[in-house]
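Values quoted throughout were computed directly from the atomic coordinates according to the rules given, and no laboratory measurement underlies them. All values reported here derive from a predicted model rather than from experimental measurement. Reconstructed Cβ throughout: ideal geometry from the backbone, glycine too, with neighbour counts over all protein chains shown.
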Amino acid sequence: MLKNNWIVIILIVISTVSLSLQASETTPMDSQTQRDLGYFYGYSFGNMLRQSGGEDIDLDGYMAGLKDALASRAPTLTPEQQQHLVQLVTERRQASLARQAQAEKEMAAKAHASASGNLEKAKAFLAENGKKEGVLTTASGLQYQILESGTGVRPLASSRVKVHYEGKLLDGTVFDSSVQRGTPVDFGLNQVIPGWTEGLQLMQVGGRTRFFIPPDLAYGPGGQGTVAPNSLLIFDVELLDVK
């Protein structure tokens, strides 16, 4: 359901009610259909009330007002009381929106802090890692270490490849692994992150390589699933086939 467009929900439900009432003048409904329709209206309005911060209303009062409206009876509330309640609902809605905006602002601040921290950690790691024996660095900043040389075909950027791999975060957490699933993966090199597109072209079938992928060649500041924004990714990849 739409969290912030409860007015739209009201309009949809009201228009549905109006259309169904017009139809009911010519198409009689059995008791079960009437009950189902009543439930539908109740559930729709209940959802609207919950999402607009009005889930604590008195249900007896709600039913009394509903019955009076359906029976075309005058409301028991004076115009002044109604205006006061409209103002109260408006204030509560504004307060709810303000809380939501504050929560989103705090989440954005935390995400920004996390992204900044992860980026600094990635830079520091790559600066030291690049000095290690056997670790090579490309012009893009991708680092790799050949674990086992291959002797087969080398893929192109347009190739489809079949690989086994295991992906880890900087702290050693495994976030994705075809090895653990026991099933190799087949994909086009134009369908993956830039670090993979570039890195796989450095391999030959039968080879195994460890890639150290900078954030800008991975998921960047947006992150992906369990991968936090600006995370450096470490992949051990075995190239099984090129198509």
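Details
- Value of relative contact order over region 182-233, rounded to a whole percent, pairs C-alpha under 8 Å and six or more apart: 27 percent
- Qualifying trypsin sites (Lys or Arg not before Pro) in region 33-102, DSSP loop, other Cβ atoms within 10 Å at most 15: ARG73
- Set of aspartates and glutamates with alpha-carbon distance to LYS162 below 20 Å, sequence-local pairs under 8 removed: GLU148, ASP176, ASP186, GLU198, ASP236, GLU238, ASP241
- Most to least packed among 231-241, 144-154, 160-170 [average Cβ atoms within 10 Å]: 231-241, 160-170, 144-154
- Taking the longest Cα principal axis of the chain as reference, the axis of helix 31-51 is set at about 60 degrees.
- Using 0.36 nm per residue and subtracting the Cα-Cα separation, the extra length available between SER31 and ARG154 on full extension is 37.2 nm.
- Relative to the longest principal axis of the Cα atoms of the chain, the long axis of helix 79-129 lies at roughly 0 degrees.
- Backbone N within region 116-138 under 13 Å of label point (7 Å from ILE193 Cα along the Cβ vector): 119, 122
- With contacts taken as Cα pairs under 8 Å at a separation of at least 6 residues, the chain carries a relative contact order of 18 percent.
- Added length on full extension, which subtracts the Cα-Cα distance from 0.36 nm per residue, ASP171 to GLN204: 9.0 nm
- By the Kirkwood approach, averaging reciprocal distances over each pair of separate Cα atoms, region 125-242 gets a hydrodynamic radius of 14.3 Å.
- The chain: calculated mean residue ellipticity at 222 nm from DSSP helix runs of at least 4, using -39500 (n - 2.57): -16000 deg cm²/dmol
- Annotation for region 100-142 versus region 217-243: alpha-carbon center distance of 13 Å.
- Of all lysines in the structure, those lying under 23 Å Cα to Cα from LYS123, and not within fewer than 8 positions of it along the same chain, are LYS110, LYS131, LYS132, LYS168.
- Angle between the chain longest axis and helix 59-70 axis [Cα atoms, degrees, rounded to 10]: 60 degrees
- Local net charge near LEU189, Cβ-Cβ under 11 Å (Lys/Arg +1, Asp/Glu -1): +1
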